[in-house]
1. Using beta carbons and a limit of 6 Å, which pairs, at least six apart or on different chains, have the first residue in segment 174-194 and closer than 19 Å to G330 by Cα and the second one more than 16 Å from the ligand (Cβ to nearest atom)?
2. Return yes or no: is H199 under 18 Å from the mean Cα position of the chain (by Cα), touching a residue at least 40 places away in the same chain (Cβ under 8 Å), within 26 Å of L364 (Cα to Cα) and surrounded by fewer than 18 Cβ atoms within 10 Å (Cβ to Cβ)?
3. Could you go through segment 281-289 and let me know if any residue there is out of contact with any Pro (no Cβ under 6 Å at 6 or more places or on another chain), without any contact (Cβ under 8 Å) to a residue 12 or more places away in the chain and not assigned by TED's automatic domain parsing to the domain that holds P184.
4. Return a yes/no flag: does segment 346-363 have any residue that is among the basic types (K, R) and either touching a Leu at 6+ places or on another chain (Cβ under 7 Å) or without any contact (Cβ under 8 Å) to a residue 40 or more places away in the chain (or both).
5. Tell me which of these G193 doesn't satisfy, since it passes every other one: (1) more than 12 Å from the ligand (Cβ to nearest atom); (2) out of contact with any His (no Cβ under 8 Å at 6 or more places or on another chain).
6. Here is a check on your reading of the model: is N163 more than 10 Å from the ligand (Cβ to nearest atom) and either touching a residue at least 12 places away in the same chain (Cβ under 8 Å) or touching a strand residue (DSSP E or B) at 6+ places or on another chain (Cβ under 7 Å) (or both)?
7. Answer yes or no as to whether D377 is under 19 Å from M317 (Cβ atoms) and surrounded by fewer than 13 Cβ atoms within 10 Å (Cβ to Cβ).
8. Under the condition of being among the aromatic types (F, W, Y) and modelled with pLDDT of 95 or more, which residue from segment 105-126 is farthest from A138 (Cα to Cα)?
Amino acid sequence: MTHRETLRLSVPEQIEGRPVTVPIFQTAIFSFDEPAAMAAAMSSPDGAHFYSGYTNPTSRALEDAVSALEGGTVALATASGMGAMNASLFGVLRHGDHVIAQKAVYGGTSGLLKDLEEQWGIEVTWIAGHDLAEFGAALQPNSRVLLLETIANPTGYVPDLPNLLGAAHSAGLTTIVDNTFATPLLCRPIEYGADIVVHSATKYLGGHHDLVAGVAVFAEREPYEKAWAQAIKFGAVIDPFTAWLTLRGLKTLPLRVQRQANTASDIAHRLAVHPAVTAVHHPGLPTHPSHTRASRLLSGYGGTLSFEVNGDAERFMSGLDLIFRAGSLGGTETVAMHPASTTHRHLQGEELRATGVTPQLVRLAFGLEHPDDLWSDIEQALKRLPR
Ligand code: PLP
């Protein structure tokens, strides 16, 4: 170095003592001794890291962790749950293909499928998700993908994963399951035959309402490589700092999921006998239409519920003091939202009814607060509703 402007910082290559936590590799690019090694790194997700818009060691640590939790072969971490869903779908689908999808899926996913139908030459048939005959009737020669959601948002509907995934495989379809609400603690869809498991890591995996991320886990390599190539083109690859935050969240996932599920069950039982509440939707309640299936397929019922008030749902929400009126879910704070005017606002009439959303429905996603404090808040807000 002849000039101080030319200072090159030295990057520690070998250190004595291994770090206990995964370091943040906050670098956009990686350097090589030979140009040929650089070219090789660019063309595969498995070789050396080339560019953090392709792969990164911190992101790889997250991918390996979620893949292990889900019992997959390999995973792709993305900038959001929708990034994981888009990369997975675009990796598999070709113009003229047909998708069979569960009616009660997240509004962003149903919106994406509608776009694919209207603008990209993909056909979509919507099914309830528990009837093999209905799936058989939906099958077409060009059927390519079956898309399900383990615990559907916001009604808690649980589809018949093993039977539908089995039937879809026999028909040669690729199966995608959104496992955001269940997390790999409550369900591992690959064990029931899923090819691709998608997560909005924004929710329980990250777990603190402080990041937006996604992960897709693959049972086999082939769809992974296609989704990876697609994620690069979309610019949907996760950044290292967000990957690190998600890894940090993962360490407490079992503790959080257990606590949130216990609170959801406790509040569901209290709401079920409240005079101002007309219905409670939580798969843990014996009255829920999916209860028997959920008990067989899941090892817990999740940390969310929805319920219908006898009166104005938005007025109930305005009366909440402790619980945040906010979207998303799965973090440490309890949040309430009104799906009819937010996540499901693009649906009307029969389409809205098919998702189970009514104007009186409120979704609660539980955090880590004491259940008695949450119940006091809910109870006082219900009391404010006019009789
Ligand atoms: N899947 C489910 C079940 C969701 O609830 C959401 C977001 O609410 C998504 C996917 C999309 O995730 P993201 O907001 O991280 O893109």
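1. P184/L69; L185/P254; L186/S299; L186/G300; R188/G71
2. Answer is no for this residue.
3. Looking for residues that are out of contact with any Pro (no Cβ under 6 Å at 6 or more places or on another chain), without any contact (Cβ under 8 Å) to a residue 12 or more places away in the chain and not assigned by TED's automatic domain parsing to the domain that holds P184, one finds at least one in segment 281-289, hence yes.
4. yes
5. So the condition that G193 fails would be (2).
6. yes
7. no
8. As a first pass, look at segment 105-126 and keep what is among the aromatic types (F, W, Y): 106, 120, 126.
Okay, now just the ones that are also modelled with pLDDT of 95 or more, so 120, 126.
Numbers: W120: 20, W126: 8 Å.
So the residue we want is W120.
The values are calculated or read from the model by the stated rules, or taken from the named source; none is laboratory data. Bear in mind that the values here come from a model prediction, so they are computed numbers and not experimental data. Because the Cβ atoms are built from the backbone with ideal geometry, glycine has one as well, and the counts that use them run over all protein chains shown.
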